[in-house]
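Worksheet: the structure to be examined is printed underneath.
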Amino acid sequence: MYLHRKEQTLPALNDLSPAQPPETTPGGQRILDAASELFYARGIGATGLDLVVEQSGVTKRTLYQRFGSKEGLICAYLTARAHRWQTLVLQRVQVAIDSGEDPVSAVFDLTREWLADNPRGCGFVNAWAELGGNSGAEIQTAIRQEKQWMRTLFFTTTGDEQVGELIHELYEGALICSTILGDQNALQRAKAGAQRLVGRK
């Protein structure tokens, strides 16, 4: 291993759960599905609630009843996206562990597959770039929680907080390069660096 592994208490994979999906009604779910598609494809700021209502086929009154405001709908979008992504990550990591493969490499591979179907890059990076410090506290928390979850994942899969921190920084840097610069090879290079850190290459 590139870095010395220290004895420390780290969370077990079984202790790492995906974000809880938003609870809503069928009408609320149609609104959330429409908003999720529009927010990601067009941008959060460029998507008005009238367009969400039109695409969902649900009344604006229902939107406000279920989500309270556009900010509430944005938070639900981010939480739902985190749930979907984190569930996939945990499944892929468990498969890698069960088959004796490197779980860290599995995360990078899954991310490349995910981005192939999500060409605008990381939805959380995009949300922060659009809204950042100008957004409400709940939106900022939703974005930061997803990034903290990924950091904890790398702590867990490496068994070393320092190594996990470095790999997380490689990972997030590659995501930004992929999302903003359109660098298709950023994740592959970051994966190679991560493999060196965990002694796999």
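The values are calculated or read from the model by the stated rules, or taken from the named source; none is laboratory data. It should be emphasised that the depicted structure is a prediction, and the values quoted were computed from it without experimental measurement. Note that we place each Cβ from the backbone using ideal geometry, even for glycine, and neighbour counts take in every protein chain shown.
Among the residues of region 145-172, what is the count of those that are among the aliphatic types (A, V, I, L, M) and over 20 Å from residue 20 (Cα atoms)?
The number of residues fulfilling the criteria is 4.
Taking the condition over 28 Å from residue 195 (Cβ atoms) and of a type outside the set (Ser, Thr, Tyr), does residue 78 pass?
Yes, satisfied.
Restricting region 142-185 to residues that are of a type in the set (D, E, K, R) and not in a helix (DSSP H, G or I), which is nearest to residue 121 (Cα to Cα)?
Filtering region 142-185 for residues that are of a type in the set (D, E, K, R) and not in a helix (DSSP H, G or I), the one nearest to residue 121 (Cα to Cα) comes out as 183.
Given the criteria surrounded by fewer than 19 Cβ atoms within 10 Å (Cβ to Cβ) and in contact with a helix residue (DSSP H, G or I) (Cβ under 7 Å, 6 or more places away or on another chain), does residue 161 qualify?
Yes.
Would you tally the residues in region 31-81 being surrounded by 15 or more Cβ atoms within 10 Å (Cβ to Cβ), aliphatic (A, V, I, L, M) and not in a helix (DSSP H, G or I)?
The total comes to 2.
Select from region 165-188 the residues that are small (Gly, Ala, Ser) and either surrounded by 14 or more Cβ atoms within 10 Å (Cβ to Cβ) or within 16 Å of the chain's Cα centre (by Cα) (or both) and list them in ascending order.
173, 174, 178, 186
Spot the failing condition for residue 72; the list is (1) within 19 Å of residue 41 (Cβ to Cβ); (2) of a type in the set (Gly, Ala, Ser); (3) in contact with a helix residue (DSSP H, G or I) (Cβ under 9 Å, 6 or more places away or on another chain), and only one is missed.
Here residue 72 meets the rest and fails (1).
Against the definition (buried (at least 21 other Cβ atoms within 10 Å of the Cβ) and either at pLDDT below 95 or within 25 Å of residue 188 (Cβ to Cβ) (or both)), how does residue 131 come out, yes or no?
The answer is no for residue 131.
Write out, first by first residue and then by second, each pair whose Cβ atoms fall under 9 Å of each other, whose residues are 6+ apart or on separate chains, and whose first residue, in region 156-171, is assigned by TED's automatic domain parsing to the domain that holds residue 102 while the second is in a loop (DSSP other than H, G, I, E, B) and among the acidic types (Asp, Glu).
Matching pairs, first to second residue: 157/102.
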